[in-house]
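Beneath this line is the structure, given in structure tokens, with notes to follow.
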Amino acid sequence: MTQLICFALAEEAAPFHKIAAKRPGVCTLIVAIGRQNAEKAVRSFLAASTPDLVLTCGFAGGLNPELKLGDVVFEMGNPQPATGSQSEPPYVGCYEKLVAAGAKPVKFFCADRIATTAAEKKKLRAETGADAVEMESGAIHAVCREHGLACVTVRVISDPADEDLPLDFNALAKPDKSLDFGKLAWAIAKSPGKIGALRKLQKHTSLAAKQLAAVLAQVISP
């Protein structure tokens with residue numbers, strides 16, 4: 001069985017790479033930030049390979065105040081269509097494995113921008129009823145539906161609902177949504193007091209990535 005594990009950023013995937021290297025049939029794909037990048041990357045992969053299961057993974061912002069930093073959350077997406085095979089499809093049992101690993105079932109909202117403030121997250125929660133927000137899974141699920149592939153979102157909370165990010169990363173992004181390091185350097189130069197908060201965010205995201213990898217290690221096939 002082959003499994004495709006998608007991440008937007010290399011930083012999200014880093015702790016998982018060591019695990020994936022020891023698991024035959026597990027492929028990791030960095031799709032970049034945003035719907036368009038994710039769709040393009042997954043379509044390109046599927047043009048050459050057909051996995052049995054797709055997981056869309058990475059960081060998520062908390063919208064539900066009950067979700068804490070490092071909580072791994074998931075949403076079941078496209079079940080694999082019945083094929084008549086007697087073998088168990090990869091989608092079956094995934095829910096149980098995730099729950100057993102400590103992950104929590106939630107509702108996601110796939111946004112077009114990073115929710116950078118607690119006020120923005122509160123508004124999204126009220127408008128969508130979602131528990132967490134991210135930027136790629138909606139597109140990945142849509143592509144998987146077209147191909148009849150099982151797909152599950154598995155994310156980790158990197159910034160809870162009541163937390164503001166230290167900078168507006170939307171304003172620091174290039175047109176392709178990647179981070180413009182020149183703009184980042186200028187933003188830090190203008191507000192050096194943000195350095196401590198940025199270091200704290202880096203520490204939190206590193207912890208979150210490790211938590212996600214630990215759960216994925218229990219979910220993907222050996």
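The values are calculated or read from the model by the stated rules, or taken from the named source; none is laboratory data. Keep in mind that this is a model prediction, so the values were computed, not measured. Every residue, glycine among them, receives a Cβ derived from its backbone with ideal geometry; neighbour counts consider all protein chains shown.
Select, from A21, A32, A47, A82, the only residue that is at pLDDT 95 or above and either at negative phi or touching a strand residue (DSSP E or B) at 6+ places or on another chain (Cβ under 9 Å) (or both). Testing whether each residue is at pLDDT 95 or above and either at negative phi or touching a strand residue (DSSP E or B) at 6+ places or on another chain (Cβ under 9 Å) (or both) leaves just A47.
Cβ-Cβ contacts under 7 Å between residues 6 or more apart (or on different chains), taken from a first residue in the stretch 192-208 that is surrounded by 11 or more Cβ atoms within 10 Å (Cβ to Cβ) to a second residue that is acidic (D, E), are listed as T205/E11.
Among the residues of the stretch 50-68, those identified as in contact with a strand residue (DSSP E or B) (Cβ under 6 Å, 6 or more places away or on another chain) and of a type outside the set (V, I, T) are P51, L53, L55, C57, G58, F59, A60, G61, G62, L63, L67. Checked across the stretch 127-135, the condition of being small (G, A, S), in contact with a His (Cβ under 7 Å, 6 or more places away or on another chain) and closer than 18 Å to G70 by Cα holds for no residue.
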